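For reference, the structure discussed in these notes is given below.
The values are calculated or read from the model by the stated rules, or taken from the named source; none is laboratory data. Quick caveat: nothing in here was measured; it's all calculated off a predicted structure. Here the Cβ is made from the backbone with ideal geometry for all residues, glycine too, and neighbour counts use every protein chain on show.
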Amino acid sequence: MTLKGFDVNIKQEGGRGFKGRNLGHWIMRNNCESLLTQEYGIEWEARTEDGSCTADYAAYSNNLSGLIFLEKIGSLKTEERNVYGCNLVHWWCLGGNDNLDVLEYLWKVDFRLFGEENYNGHTVVHKLAQRRNLKGLVWVLGREPKVEWGEDEGGLWASDLARLEGWGEGERLLKVEEEERGLYNKNDIDS
């Protein structure tokens, strides 16, 4: 089907991460609410060459309307990952978001996403530490059931990642959490 002469499912060419995007990825990435419809035949479950789906782009862009739309039409697949093992919550963190609406929505849809590791061994806590996202970190740490994390593939804890980012406030908060939860942080990385 076409949208004013445009093939809505044509796959974008280009570099890693972009190759294979269709109009659905762009709609989610740019929060185009007026195009959230099944009317034009957009393949809402299309994946890029690296396995990223339209829902990933919606999470990245803090697009709550897009995620709700995908859930409503049965295209929100929380169990799917891209080739890096990233889920919807990892994507939200990568977007540098501080509006918690999407995070709260994803918690309600499937709280287990928050404790899942990507192929680097990063959970949402690691990603929030890397992005210096205090608002998201405080929110995640306050959830029940508790989100668990450990060392990543490089042997670093979330508090180590915060320290490597030069984020003392995040490092202190995470060290306290790691100690209170009985997690062992053996690293003593110099600033």
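Within segment 48-60, the set of residues being buried (at least 20 other Cβ atoms within 10 Å of the Cβ), in contact with a Gly (Cβ under 6 Å, 6 or more places away or on another chain) and over 11 Å from L36 (Cβ atoms) comprises T48, Y60.
I'm trying to understand the selection: among the residues of segment 17-43, which are of a type outside the set (A, V, I, L, M, F, W, C) and part of a helix (DSSP H, G or I)?
Of everything in segment 17-43, those that are of a type outside the set (A, V, I, L, M, F, W, C) and part of a helix (DSSP H, G or I) turn out to be G24, H25, R29, E33, S34.
If you check D56, D98 for being modelled with pLDDT of 95 or more and acidic (D, E), only one passes: D56.
Taking segment 59-164 and the helices (runs of 4 or more DSSP H) fully enclosed by it, the elements with 3 or more residues that are of a type in the set (G, A, S) are at 158-164. Does G121 qualify as being small (G, A, S) and more than 18 Å from the chain's Cα centre (by Cα)? Answer is no for this residue. Between a first residue in segment 167-191 that is under 21 Å from L134 (Cα atoms) and polar (S, T, N, Q) and a second residue that is surrounded by fewer than 17 Cβ atoms within 10 Å (Cβ to Cβ) and at pLDDT 95 or above, which pairs have beta carbons less than 8 Å apart while being 6 or more apart in sequence or on different chains? Matching pairs, first to second residue: S191/G166.
Surrounded by fewer than 24 Cβ atoms within 10 Å (Cβ to Cβ) and modelled with pLDDT of 95 or more: is that true of K77 in this structure? No, not satisfied.
For segment 96-117, check the following and say yes or no: at least one residue is surrounded by 22 or more Cβ atoms within 10 Å (Cβ to Cβ), within 14 Å of the chain's Cα centre (by Cα) and of a type outside the set (A, V, I, L, M, F, W, C). Taking every residue of segment 96-117 in turn, none turns out to be surrounded by 22 or more Cβ atoms within 10 Å (Cβ to Cβ), within 14 Å of the chain's Cα centre (by Cα) and of a type outside the set (A, V, I, L, M, F, W, C).
Pairing each residue of segment 140-152 that is under 13 Å from L128 (Cβ atoms) and free of Cβ contacts under 8 Å to residues at least 40 places away in the same chain with any residue that is buried (at least 17 other Cβ atoms within 10 Å of the Cβ) and of a type in the set (D, E), provided the two are 6+ apart or on different chains, yields C-beta distances under 6 Å for L141/E177.
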